[in-house]
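Down below is the structure, laid out as structure tokens.
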């Protein structure tokens, strides 16, 4: 188990503790957004797609500006130009037929909801197979049966005794 005194002094925990109200506002905004998305799912998809298209356009324009600035400073410019052109292309596709963007966003969200948890579950399983990564000094069975943590320290025959 983690010791709270060992974690309490870390810079990340201190930063979160100082800005707790931002985390609260972020959480409340996410809850409100989720409730609105459930209330108006069609409108939510269209709104998200339009905002994404607008973001892609603005991001593409800024990437092209970054490419021009990179040329001025004799830096590598073509990745910025490529990013800008792709962003503007995505914005154009969004404005041409919003259904394409909605389908792409839907598949992206579905993949995001499935792939990372699957990877995390595999990592967790893998970590339990390597004792030193799981914080143990020897093999899995040396600490007792996996269910041993769920039972009291007494033998089952002791349950009848008062």
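What follows draws every value from the coordinates through simple rules; no lab data is involved. Because the structure is predicted, anything quoted here is derived from the model rather than measured. Here the Cβ positions follow ideal geometry from the backbone for every residue, glycine too, while neighbour counts run over all protein chains shown.
Here the spin labels are modelled as points 7 Å beyond Cα on the Cα-Cβ line, and at residue 78 and residue 113 they lie 4.0 nm apart.
If r is the Cβ-Cβ distance from residue 32 to residue 104 and R0 is 22 Å, what FRET efficiency results, to the nearest 0.05? After rounding to 0.05, the efficiency reads 0.30. With 5 Å bins beginning at zero, the pair-distance distribution over Cα atoms of segment 37-77 amounts to 6, 22, 14, 14, 10, 9, 9, 6, 6, 3, 0 %. Going by the alpha-carbon gyration tensor, a ≥ b ≥ c the square roots of its eigenvalues, is segment 18-106 rounded (a/c under 1.5) or, if a/c is not under 1.5, prolate (a/b greater than b/c) versus oblate? The shape class here is oblate.
Listed peptides 21-30, 58-67 appear in the order 58-67, 21-30 once ranked by packing, highest mean of other Cβ atoms within 10 Å at the front.
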